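FYI, it's all coordinate maths here, none of it is from the lab. Since we're looking at a predicted model, the values are computed, not measured. No Cβ is skipped: glycine too gets one built from the backbone with ideal geometry, and neighbour counts run over all protein chains shown.
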Amino acid sequence: GENVEQHPSTLSVQEGDSAVIKCTYSDSASNYFPWYKQELGKRPQLIIDIRSNVGEKKDQRIAVTLNKTAKHFSLHITETQPEDSAVYFCAAEFFGNEKLTFGTGTRLTIIP
Amino acid sequence: EPEVTQTPSHQVTQMGQEVILRCVPISNHLYFYWYRQILGQKVEFLVSFYNNEISEKSEIFDDQFSVERPDGSNFTLKIRSTKLEDSAMYFCASSDGQGGYNEQFFGPGTRLTVL
């Protein structure tokens with residue numbers, strides 16, 4: 001089955017700096033890669049996603065890149081702000097197979 | 001903006017008791033899911049449901065678990081005889097499944113504590 005690895009498990013960055021979180025997946029047939037942000041005690045919230053026919057997608061300060069050959073995708077947050085502090089999960093889905101397989105999460109802390 | 005809702009927010013039960021967790025998916029969505037998250041760990045898939053039947057389930061989803069869509073709006077997860085290791089946050093999610101891509105929206109979760 002699909003396996004998703006996520007690094008790092010914790011990340012601290014100064015406010016205003018950039019943060020990068022990386023994930024690798026095992027199933028080359030995976031074709032949908034969402035990123036979720038989860039604040040303490042709350043639901044995972046979809047913040048950005050990318051489909052396998054696209055190499056990069058950007059939404060304001062957040063961007064995601066996908067390298068299908070290497071089977072990895074990354075989340076980039078620029079100009080970080082204190083409200084970016086949360087746990088971030090990557091996930092992968094194989095086309096036609098409805099479940100999301102999640103990574104182990106990255107606890108991002110923005111230092112004011 | 002429509003959201004997935006779940007009740008109760010917190011359920012405490014004794015080991016061996018049955019619990020039913022309830023979800024109201026987004027109204028025009030067709031695909032429904034249950035995930036669980038043990039404290040401090042990743043989100044794990046339990047089951048997906050489409051067209052009034054289970055479409056996929058994980059190895060976690062054993063005979064103690066069942067799902068049902070009793071009416072046009074609710075989607076329930078039943079655990080027949082709870083075990084201590086069932087203590088977790090249970091999230092319901094839904095998607096419209098359009099275009100073959102599966103943008104899933106999560107509910108706020110039910111924290112299940114088994115004593």
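For the stretch B:53-115, a simple Cβ point-charge model (Lys and Arg +1, Asp and Glu -1, everything else neutral) yields a dipole of about 260 debye relative to the Cα centre.
Within the listed set B:105, B:61, B:32, the residue fluctuating most in the Gaussian network model of chain B (springs between alpha-carbon atoms under 10 angstrom) is B:61.
Let me spell out the model: positive unit charges on the Cβ of Lys and Arg, negative unit charges on the Cβ of Asp and Glu, origin at the Cα centre of the protein assembly as shown. What dipole size does that give, in debye rounded to 20? Show your work: numbers first, answer last.
On the way: 21 positive and 29 negative charges, 42 e Å.
Computed about the Cα centre, the dipole is about 200 debye.
Here is the tail figure for the protein assembly as shown: Cα pairs spaced more than 29 Å apart come to 27 percent of all pairs. Placing unit charges on the Cβ atoms of the charged side chains and taking the dipole of chain A about its Cα centre, the candidate lying farthest along the positive direction among A:64, A:82, A:52 is A:52. Largest first, the extents of the alpha carbon coordinates of chain B on the three principal axes equal 42, 28, 28 Å.
Averaging over all projection directions, the Cα-based convex hull of the stretch B:1-62 occupies 5.8 nm² in the image plane.
Projecting the Cα atoms of B:37, B:70, B:93 onto the charge dipole of the stretch B:1-108, computed from C-beta unit charges around the Cα centre, puts B:37 farthest toward the positive end.
Let me know the number of lysine pairs in the protein assembly as shown closer than 14 Å at the Cα, not counting same-chain pairs under 8 apart. Can you show the working numbers first?
Numbers: A:22/A:68; A:22/A:71; A:37/B:42; A:42/B:42; A:99/B:57.
The number of close lysine pairs in the protein assembly as shown is 5.
Restricting the GluC sites (Glu not before Pro) of the stretch B:1-69 to loop positions (DSSP other than H, G, I, E, B) with no more than 16 neighbouring Cβ atoms within 10 Å leaves B:3, B:18, B:59.
May I ask you to work out the translational diffusion coefficient for the stretch A:37-112 at 37 °C, viscosity 0.692 mPa s, via Stokes-Einstein with Rh from the Kirkwood sum over Cα pairs, reported in whole µm²/s?
For the chosen part, D equals 241 µm²/s.
This model, with +1 at the C-beta of Lys and Arg and -1 at the C-beta of Asp and Glu, gives chain A a dipole about its Cα centre of some 160 debye.
Neighbour counting of Cβ atoms within 10 Å sorts the residues B:82, A:10, fewest neighbours leading, into A:10, B:82. When B:29, A:72 are sorted by how many other C-beta atoms sit within 10 angstrom of their C-beta, beginning with the fewest, the order is A:72, B:29.
Take the Cβ-Cβ distance between residue B:41 and residue B:5 as r, set R0 to 25 Å, and report the resulting FRET efficiency rounded to the nearest 0.05.
Working: r = 24 Å, r/R0 = 0.96.
The pair residue B:41/residue B:5 has a calculated efficiency of 0.55.
Note on residue A:69 and residue B:55: their simple-model spin labels are 3.3 nm apart, each label 7 Å out from Cα toward Cβ.
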